[in-house]
Every structure is written in C-alpha cells, then in structure tokens.
1. Which net charge results when you count Lys and Arg as +1 and Asp and Glu as -1 among the other residues whose beta-carbon is under 14 Å from that of Met115?
2. Calculate, for region 50-131, the solvent-accessible area per residue in square angstrom, rolling a 1.4 angstrom probe over the heavy atoms of the protein chains.
3. Work out from phi, with θ = phi - 60° and the Karplus expression 6.51 cos²θ - 1.76 cosθ + 1.60, the ³J(HN,Hα) of each residue of region 54-60, listed in order in whole Hz, and give x for Gly and Pro.
4. Quick check: residue separation of Asp133 and Ala150 times 0.36 nm, minus the Cα distance between them. What number comes out in nm?
5. Going by amide H atoms built from the backbone, whose H comes under 5 Å of the H on Leu84, apart from near neighbours?
6. Multiply the residue separation of Thr162 and Glu120 by 0.36 nm, subtract the distance between their alpha-carbon atoms, and state the gained length in nm to one decimal.
7. How charged is the neighbourhood of Leu134? Take every other residue with its Cβ under 13 Å from the Cβ of Leu134, and add Lys/Arg as +1 and Asp/Glu as -1.
8. To the nearest 0.05, what FRET efficiency results for Ala183 and Ala81 with a Förster distance of 30 Å applied to their C-beta separation?
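The values are calculated or read from the model by the stated rules, or taken from the named source; none is laboratory data. Everything quoted here is computed from the prediction, not taken from an experiment. Positions of Cβ are generated from backbone atoms using ideal geometry, with glycine treated the same way; all protein chains shown enter the neighbour counts. These accessible areas exclude ligands, DNA and RNA; they are computed on the full protein's heavy atoms, side chains included. Shrake-Rupley method; radii C 1.70, N 1.55, O 1.52, S 1.80 Å.
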Amino acid sequence: FGPLAVREYPEPLSAGNWFRLAEEAVTGHTGNPDAANGTTSGWGTVEPNTLEAVVLAAEGLPTEGLPGGVLTGLRATVRGAARLFAYPVELEPGLTYEGSVYVFVPEDWDGGDLMVDMPEFDGMEGGGAVAVDLSVRGTWQRVATRGTTAGDVSGNVRLITTAQPSPGRTVYVTRVEVEALDAEGNAKAASSQQAKQAYLRPVLEALLEQAQ
C-alpha cells in the first residue's frame with residue numbers, strides 16, 4: 001500500500017496530513033496529497049483549475065520553513081476559477097479551531113490576493129478569510145484562520161484567489177491542518193481526531209513493519 005510516505009509527516013498529530021495518510025493505510029480512504037501514490041482524491045477544486053500531488057524536490061521547491069520531514073504537497077494550477085483547493089473536515093460543535101496551510105507563492109504569480117478561509121460551517125464565529133502575504137515569494141509561509149463552531153460541523157479549509165492570474169500560473173500548498181484550541185489558544189493535547197490517530201498509529205506502524 002502506497003502510504004509508507006506517512007513517515008514524511010512528523011508530530012504534532014492533528015486532523016491534517018498524518019491522520020489522512022493513516023486513515024488511507026488502514027481503511028483505503030484517499031484524502032491527502034500523497035505524492036508516493038500520486039493521489040489527490042478527497043481534495044476539491046473547481047474546473048478548469050487542476051490539482052496535482054508533487055514531490056517538492058522534484059518541483060525545485062525548498063523544504064526550509066516547513067515542519068521537518070514534509071516532502072510532498074499539492075500544485076494548484078489556476079485556469080479560470082477562484083477556488084484553488086478545498087480540504088473537507090468534520091469538526092465538533094462549540095470548539096475553537098485553527099485551520100492552517102503552508103503556501104508557496106512563485107515569483108511569477110500575477111493574480112489577485114490569495115486567501116485562506118473556513119467557509120460552509122453555518123453559524124461559525126470567525127473562520128473568515130486571511131490573506132497570504134504576496135510580498136513573500138519563493139519561500140513557504142504558514143497562513144491560519146480561527147473560528148468557533150456552532151451547529152454545522154461539516155465544511156472546508158480553502159485557498160482562493162480574488163482575481164485571476166495569467167492562465168496556467170501555479171501555487172503550492174502543503175501541511176494543511178485543523179486543530180482544536182484550548183482557552184489560551186494552544187492546540188489541545190487530545191481532540192477527537194487526535195484520539196483516532198492515537199488508536200490508528202500502532203496499527204499503522206505494525207502494517208509498516210510487515211511491509212518492510
């Protein structure tokens with residue numbers, strides 16, 4: 001099974017890359033940009049835009065500025081639609097979450113602002129659009145938005161543009177995460193997603209050992 005690439009994603013565990021890869025290995029779910037098996041299943045964009053899973057080094061991209069061990073990501077090619085990608089998540093009501101994305105803006109990006117948001121959670125307080133710093137080019141930057149859920153706990157973390165670039169311009173993203181926060185704004189030690197990860201991790205490690 002392809003997701004030996006789970007070793008590319010270190011702590012801290014969250015409702016992001018590690019869990020998606022672990023879930024893929026155990027249940028067959030494919031929801032992460034895992035370049036080891038070339039899948040973008042579970043991620044969304046709007047045609048004619050496209051998403052491709054890539055190995056960062058093969059794209060000539062640095063890994064400086066990323067959490068240690070992150071080697072893969074998504075290349076979003078913009079050809080006419082505002083949404084570059086959407087990452088679906090299921091949360092819990094009444095908790096504050098931070099959705100974050102590492103974004104790499106190439107030097108030739110000539111479109112509008114790039115915005116990270118968490119829409120479609122009806123009644124959420126916060127979660128609005130946060131702009132990528134377009135003055136930062138050729139390196140990774142982490143962009144995050146925070147919101148507190150109400151009744152609707154199904155939605156997306158998205159990256160959108162406010163104006164179209166020249167056709168075919170690209171933006172790269174990796175390490176998309178959604179983490180529950182405590183009252184001080186720190187990541188909770190154990191959210192429900194992290195509890196699932198704690199359960200899946202020994203299972204996954206056993207599968208990895210058998211595959212070697």
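1. -1
2. That works out to 39 Å² per residue.
3. Going residue by residue, I get 9, 8, 4, 4, 5, 8, x Hz, with x marking Gly and Pro.
4. Between Asp133 and Ala150, full extension yields an extra 3.2 nm.
5. Those qualifying (amide H under 5 Å, at least 5 residues apart or on another chain) are Leu159, Ile160, Thr161.
6. Gain on extension, Thr162 to Glu120, equals 13.3 nm.
7. In short, -3.
8. The pair Ala183/Ala81 has a calculated efficiency of 0.20.
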